[in-house]
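Trainee: Before we start, here is the structure in question, set down as structure tokens.
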Amino acid sequence: MKSLAIDLSLAVLNLVLQSAFTTASASKMNGKCCQSSDGGRSYRYRMAMQRAAIPHTCSAYAASCIRNSSARPDRSQMCGAAKSQCLQRGVYVGPYSGRQFAGMQKM
């Protein structure tokens, strides 16, 4: 009876120790452990990467302004005026949103 209790306690102890020291399972997406469960496909991550891909120049912001405001008939004039202001001051002001983007390269 005593040997059975000792065997059971050793088995339980072994199980507890194994679970404490096992490595985290790897994600199927990238093979690394401890990454987010969506594998970098979240909306916030994709939008941040998309914004980071835009070069920080006056011309690039004006081009994205024209692309993003395709439903507005005055987009060429508005985005062109914002670009010319940016080339003078170095700060791009979105013509429709009014958001300011400082530190632009004057290209």
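The values are calculated or read from the model by the stated rules, or taken from the named source; none is laboratory data. Keep in mind the model is a prediction, meaning the values are calculated, not measured. Glycine gets a Cβ as well: all are built from the backbone with ideal geometry, and neighbour counts include every protein chain shown. Heads up: the accessible areas ignore ligands, DNA and RNA and are worked out on the full protein's heavy atoms, side chains in. Shrake-Rupley method; radii C 1.70, N 1.55, O 1.52, S 1.80 Å.
Trainee: Output the residues belonging to the stretch 52-94 that are out of contact with any Lys or Arg (no Cβ under 8 Å at 6 or more places or on another chain), farther than 11 Å from LYS106 by Cα and of a type in the set (Gly, Ala, Ser).
Mentor: Across the stretch 52-94, the qualifying residues are ALA52, ALA53, ALA63, SER64, SER70, ALA71, SER76, GLY80, ALA81, ALA82, GLY94.
Trainee: If we keep just the residues of the stretch 19-66 that are open to solvent by 80 Å² or more (accessible area, probe 1.4 Å) and of a type in the set (A, V, I, L, M), which is modelled with the highest pLDDT?
Mentor: Of everything passing the filter in the stretch 19-66, MET49 is modelled with the highest pLDDT.
Trainee: Another question, then. Can you name the residue in the stretch 67-82 that is under 17 Å from HIS56 (Cα atoms) and open to solvent by 70 Å² or more (accessible area, probe 1.4 Å) and is also farthest from the chain's Cα centre (by Cα) among such residues?
Mentor: ARG67
Trainee: Go through the stretch 83-107 and give me each residue that's assigned to a loop (DSSP other than H, G, I, E, B) and open to solvent by 60 Å² or more (accessible area, probe 1.4 Å).
Mentor: Those that are assigned to a loop (DSSP other than H, G, I, E, B) and open to solvent by 60 Å² or more (accessible area, probe 1.4 Å): TYR96, SER97, ARG99, GLY103, LYS106, MET107.
Trainee: Next up: Just to be sure I understand the filter: pairs with C-beta atoms under 6 Å, separated by 6 or more residues or on different chains, first member in the stretch 59-73 and assigned to a helix (DSSP H, G or I), second member open to solvent by less than 20 Å² (accessible area, probe 1.4 Å). Which pairs pass?
Mentor: Taking only residues 6 or more apart or on different chains, the pairs are TYR61/TYR92; ALA62/CYS79; CYS65/CYS79; ILE66/CYS79.
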